[in-house]
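Enquirer: Below are the structure tokens for one structure; questions will follow.
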């Protein structure tokens, strides 16, 4: 009798999973020019033309006039671009295989017409895709909107702001349409899919983005190879600023694409020192690479850790790679090592350290940690706004995202400008207090960001991390509450200010 019930239950589960599979096709099939885009970015009304609404959900890029462009590049479960097709009765060819070329042609067009770019790349993680109403897509739009406001406030040459271009790198992170808790059972299958994506055509995308950045930034300073961070205020202001963000298994995909260039850049100092100029500072394949709750085994991180721990900056440099993992992330803290314990049953480690690295992510191994991030400084109130008012007079008039949302037009522009001014003053004060005569940070620094977050280096692993260029940050549960809480206002304020160091560094 029990066997019969068990068989019936298993059959029901298999049927449920098969019926609950998410579609295996691209969502952004219509490659359009910027002039052709007339799509609302807010929820459409019921009376709107159904065909027009459908087309808007399928286009790349989306355009918020005067604010940003949002391009999509999608990969299937094998890491391939999706094939082209022409649906019956469809006047627009579905051409997802051309998404990378479409993006790169647009970047070339903007650069050749003398637009400077702020390029922001986001690789989503588990349970997400490129659907118009996916909340990662919505959060990324909000991030781009904020970036556009900042660029308009900080105009560059001839008073022209950088053009904000977002690239949403999508894959089949949500393979089932079923809700949680059933959806959470897809964790291990999606990890394997992300691994295949990481060694597929995503490598072409990131290689081409690196190449175009390298060419145009070096072309803007003839005879000078750009290494290290470059201030917006110098005559060598780079044509392209690049921030890359990967979440969860998206962190795996981004890390796989960028770890090789990072290792090469950091190793050059040790192996090529004295041969020619330019190796004292690591060349940056992006201005900053940010991994949030990344879901890959620490054994992949070891090579970068070894190289970065030997790198010796000759002066302060903002971090090249920042990996942030929450102490409240159950997916990477619990589910990941459980799954890896099964996957590694027939693998043999050479040491206990290697055995741990095979099962855990870098953010959950103390040996690899370089910094800790808190929602507020020790002794302050946990409420971020209260912490700002009571703990740091420099940030008293700084406005949170919630407060900015209540402002419009001139009032909003003035508040954004004041925020940037306050953040710049806060940053300048930090560096004036903590930079030594050797132009490096002292080993005991701690930093409070506007918004209340508090960052400090750690020395538990016997390495001085005060001037590390590769960061592995442990974040407390107040600033990142769970695996998916990656775009909340407090953490976004921290990200923005840290990234600001690249363009405003001393």
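The values are calculated or read from the model by the stated rules, or taken from the named source; none is laboratory data. This one's a predicted model, so the numbers in the text were calculated from it and none came from an experiment. Here the Cβ is made from the backbone with ideal geometry for all residues, glycine too, and neighbour counts use every protein chain on show.
Enquirer: All but one of (1) surrounded by 14 or more Cβ atoms within 10 Å (Cβ to Cβ); (2) in contact with a helix residue (DSSP H, G or I) (Cβ under 9 Å, 6 or more places away or on another chain) hold for residue 442; state the number of the condition that does not hold.
Expert: Only one criterion in (1) surrounded by 14 or more Cβ atoms within 10 Å (Cβ to Cβ); (2) in contact with a helix residue (DSSP H, G or I) (Cβ under 9 Å, 6 or more places away or on another chain) is unmet by residue 442, namely (1).
Enquirer: Just checking, which of 266, 262 is closer than 30 Å to residue 187 by Cα, in contact with a helix residue (DSSP H, G or I) (Cβ under 8 Å, 6 or more places away or on another chain) and crowded, with 21+ Cβ neighbours inside 10 Å?
Expert: Unique residue meeting the criteria: 262.
Enquirer: Next question, about the same structure. Across segment 167-177, which residue is farthest from residue 209 (Cα to Cα) among those that are in contact with a strand residue (DSSP E or B) (Cβ under 9 Å, 6 or more places away or on another chain) and not in a strand (DSSP E or B)? Talk me through it step by step, then tell me what you get.
Expert: Step one: filter segment 167-177 for residues in contact with a strand residue (DSSP E or B) (Cβ under 9 Å, 6 or more places away or on another chain), giving 167-172, 175-177.
Narrowing the set further to residues that are not in a strand (DSSP E or B) leaves 171-172, 175, 177.
Numbers: 171: 18, 172: 22, 175: 28, 177: 32 Å.
Here the answer is 177.
Enquirer: Within segment 135-166, track down each residue that is in contact (Cβ under 8 Å) with a residue 24 or more places away in the chain, over 21 Å from residue 104 (Cβ atoms) and not in a helix (DSSP H, G or I).
Expert: Within segment 135-166, 154, 156, 160 meet the criteria.
Enquirer: Still on this model: Could you tell me whether segment 395-414 includes any residue that is farther than 20 Å from residue 145 by Cβ and modelled with pLDDT under 70? Before you say what the answer is, go through the steps one by one.
Expert: The initial filter retains those residues of segment 395-414 that are farther than 20 Å from residue 145 by Cβ, namely 395-397.
Still in the running and modelled with pLDDT under 70: none.
No: segment 395-414 contains no residue that is farther than 20 Å from residue 145 by Cβ and modelled with pLDDT under 70.
Enquirer: Still on this structure: Quick check on residue 157: is it more than 21 Å from residue 401 (Cβ to Cβ), at pLDDT 95 or above and either within 22 Å of the chain's Cα centre (by Cα) or surrounded by fewer than 14 Cβ atoms within 10 Å (Cβ to Cβ) (or both)?
Expert: The answer is no for residue 157.
Enquirer: On to the next question. Taking interchain pairs and intrachain pairs at least six residues apart, which have beta carbon atoms under 9 angstrom, with the first residue in segment 402-419 and free of Cβ contacts under 8 Å to residues at least 12 places away in the same chain and the second surrounded by 14 or more Cβ atoms within 10 Å (Cβ to Cβ) and in a loop (DSSP other than H, G, I, E, B)?
Expert: Note: pairs meeting the criteria are 407/399; 414/407.
Enquirer: Considering only segment 190-203, state which residues are over 13 Å from residue 252 (Cβ atoms) and surrounded by fewer than 16 Cβ atoms within 10 Å (Cβ to Cβ).
Expert: Residues satisfying the conditions do not exist here.
Enquirer: Restricting attention to segment 422-430, does a residue exist that is farther than 18 Å from residue 319 by Cβ, at pLDDT below 90, part of a helix (DSSP H, G or I) and under 25 Å from the mean Cα position of the chain (by Cα)?
Expert: Looking for residues that are farther than 18 Å from residue 319 by Cβ, at pLDDT below 90, part of a helix (DSSP H, G or I) and under 25 Å from the mean Cα position of the chain (by Cα), one finds none in segment 422-430, hence no.
Enquirer: Restricting attention to segment 111-127, and to residues there that are touching a strand residue (DSSP E or B) at 6+ places or on another chain (Cβ under 8 Å) and farther than 20 Å from residue 146 by Cβ, which single residue is modelled with the highest pLDDT?
Expert: Checking each candidate, the answer is 111.
Enquirer: Quick check on residue 342: is it modelled with pLDDT under 95 and either over 18 Å from residue 194 (Cβ atoms) or out of contact with any helix residue (DSSP H, G or I) (no Cβ under 8 Å at 6 or more places or on another chain) (or both)?
Expert: Details: modelled with pLDDT under 95: yes; either over 18 Å from residue 194 (Cβ atoms) or out of contact with any helix residue (DSSP H, G or I) (no Cβ under 8 Å at 6 or more places or on another chain) (or both): yes.
Yes, satisfied.
Enquirer: Filter segment 347-363 down to the residues that are crowded, with 19+ Cβ neighbours inside 10 Å and more than 23 Å from residue 322 (Cα to Cα) and list them by number.
Expert: Those that are crowded, with 19+ Cβ neighbours inside 10 Å and more than 23 Å from residue 322 (Cα to Cα): none in segment 347-363.
Enquirer: Also, I was wondering about something else. With the checklist (1) in a loop (DSSP other than H, G, I, E, B); (2) touching a helix residue (DSSP H, G or I) at 6+ places or on another chain (Cβ under 7 Å); (3) within 23 Å of residue 371 (Cα to Cα) in hand, flag the one item residue 407 doesn't pass.
Expert: (3)
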